[in-house]
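Visitor: First the structure, which I've put down as structure tokens, then a few questions once you've had a look.
The values are calculated or read from the model by the stated rules, or taken from the named source; none is laboratory data. Quick caveat, the model's predicted, so the values are computed rather than measured. Here the Cβ positions follow ideal geometry from the backbone for every residue, glycine too, while neighbour counts run over all protein chains shown. Only protein heavy atoms, including side chains, enter the accessible area calculation; ligands, DNA and RNA are left aside. Shrake-Rupley method; radii C 1.70, N 1.55, O 1.52, S 1.80 Å.
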Amino acid sequence: MTTTPTTLPDHALTAAADLRATREQWGDLLDAIGNRPAAQWPPVDNIREVLATIDDEPSVGRAPLTLRQHPAPVNLDALDAALDVERALFAACDTLATRYQRPVRRRLVTLRSIPPRTIEREDQGDRADPNRWTPVTTAGATLAPGSRRFGLHWAAVWLEARALGEQHDDLFAPLDTGTVTELAAVTRQARRRIERALARAGRRTDLLDPCPWCAGTLLARTLPGDEPSVTCQTGEPCTAPVALDRGRRTWRGSDLAALWAGLNRQREAA
């Protein structure tokens with residue numbers, strides 16, 4: 001049975017938000033490794049970059065960076081950022097699993113021997129629980145990656161569940177306040193590292209395209225701790241079919257797709 005607390009500390013909510021932003025931008029960071037660094041974000045002539053956070057998540061199914069080779073990466077800053085973030089989140093998962101995850105249960109098994117013998121073995125069903133994080137282990141010169149083989153996306157999802165106190169029967173103990181605070185610091189640093197590498201850390205740019213509904217100026221922005229957005233500077237008179245935010249039409253998340261469609265139609269008409 002899965003349960004989640006009804007009230008959560010601010011640090012837990014902040015960590016969860018940063019982890020979501022990290023995994024949403026992870027595919028962009030991996031793609032950036034093979035491309036030259038962007039001069040600015042958002043680019044003044046291509047709003048498609050603003051849509052990066054609502055694309056399908058291409059990082060799902062990718063092998064962890066630490067388990068792959070990187071032939072001639074073009075963007076070393078992106079590669080370094082990806083490796084640093086991956087190491088930090090994997091280490092956080094290993095630490096929390098060691099401290100707050102119940103060990104694999106053991107059960108008695110009767111062997112078909114003469115005379116019959118009873119031995120204790122790990123419960124393989126409990127070992128294979130998909131909610132369980134298996135830390136990396138070493139056996140001699142052999143490295144067993146454990147749950148790291150599922151990549152950073154799964155690590156971020158697992159950490160978010162721990163930050164939010166999600167419970168699966170008795171598999172996890174609640175994180176104490178100090179641990180949640182430490183986790184929030186790690187996740188905030190991971191998000192900022194990615195956004196700096198992608199040149200998305202606190203940028204404001206006037207787009208060259210005017211608003212398709214009122215011809216007003218469109219301001220694209222990304223601020224630390226917030227998702228990318230585009231705002232029409234005309235104010236309430238703008239008739240764009242999107243909600244007002246502090247008196248201005250503002251596109252965020254999935255709303256950006258509608259803005260892109262409108263700009264595309266405007267370009268084609270021109």
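Visitor: Could you list, in sequence order, all residues of segment 138-163 that are under 15 Å from L96 (Cα atoms) and open to solvent by 20 Å² or more (accessible area, probe 1.4 Å)?
Guide: Residues of segment 138-163 that are under 15 Å from L96 (Cα atoms), as a first pass: 146-148, 154-163.
Matches in segment 138-163: R148, W154, V157, E160.
Visitor: So, in segment 162-188, how many residues would count as being under 15 Å from T95 (Cβ atoms) and in a helix (DSSP H, G or I)?
Guide: 12
Visitor: Continuing with the same structure: Tally the residues that are among the polar types (S, T, N, Q) and under 25 Å from the mean Cα position of the chain (by Cα), restricting the search to segment 124-148.
Guide: 4
Visitor: List the pairs whose first member sits in segment 82-100 and is over 22 Å from E24 (Cβ atoms), whose second member is part of a helix (DSSP H, G or I) and hydroxyl-bearing (S, T, Y), and whose Cβ atoms are under 9 Å apart, counting only residues at least 6 apart or on separate chains?
Guide: Pairs found: D94/S147; T95/T179; A97/S147; R99/T179; Y100/T179.
Visitor: Residue check: is E268 of a type outside the set (V, I, T), more than 30 Å from P103 (Cα to Cα) and open to solvent by 50 Å² or more (accessible area, probe 1.4 Å)? Before the answer, list the steps.
Guide: On the way: of a type outside the set (V, I, T): yes; more than 30 Å from P103 (Cα to Cα): yes; open to solvent by 50 Å² or more (accessible area, probe 1.4 Å): yes.
For E268, the condition - of a type outside the set (V, I, T), more than 30 Å from P103 (Cα to Cα) and open to solvent by 50 Å² or more (accessible area, probe 1.4 Å) - is met.
Visitor: Filter segment 82-125 down to the residues that are in a strand (DSSP E or B) and among the acidic types (D, E) and list them by number.
Guide: E120, E122
Visitor: State which residue is surrounded by the most Cβ atoms within 10 Å (Cβ to Cβ) when the search covers only segment 216-227 and only residues that are closer than 17 Å to G253 by Cα and at pLDDT 90 or above.
Guide: Here the residue is L218.
Visitor: Moving on to the next point. Looking at the structure I just gave you, is P135 within 30 Å of L183 (Cα to Cα), assigned to a loop (DSSP other than H, G, I, E, B) and open to solvent by 30 Å² or more (accessible area, probe 1.4 Å)?
Guide: For P135, the condition - within 30 Å of L183 (Cα to Cα), assigned to a loop (DSSP other than H, G, I, E, B) and open to solvent by 30 Å² or more (accessible area, probe 1.4 Å) - is met.
Visitor: A further question follows. Test A258 against the criterion of being modelled with pLDDT of 95 or more, over 28 Å from I33 (Cβ atoms), surrounded by 13 or more Cβ atoms within 10 Å (Cβ to Cβ) and of a type in the set (A, V, I, L, M), and give yes or no.
Guide: It is false that A258 is modelled with pLDDT of 95 or more, over 28 Å from I33 (Cβ atoms), surrounded by 13 or more Cβ atoms within 10 Å (Cβ to Cβ) and of a type in the set (A, V, I, L, M).
Visitor: Can I ask one more? Looking at L51, L13, L30, L19, can you tell me which residue is at pLDDT below 70 and in a helix (DSSP H, G or I)?
Guide: Checking each option against the conditions leaves just L51.
Visitor: Whether any residue in segment 194-215 is touching a Gly at 6+ places or on another chain (Cβ under 7 Å), open to solvent by 10 Å² or more (accessible area, probe 1.4 Å) and under 30 Å from L83 (Cα atoms) is what I want to check.
Guide: no
Visitor: Taking R121 as the residue in question, decide whether it is open to solvent by 40 Å² or more (accessible area, probe 1.4 Å), among the charged types (D, E, K, R) and over 29 Å from the mean Cα position of the chain (by Cα).
Guide: yes
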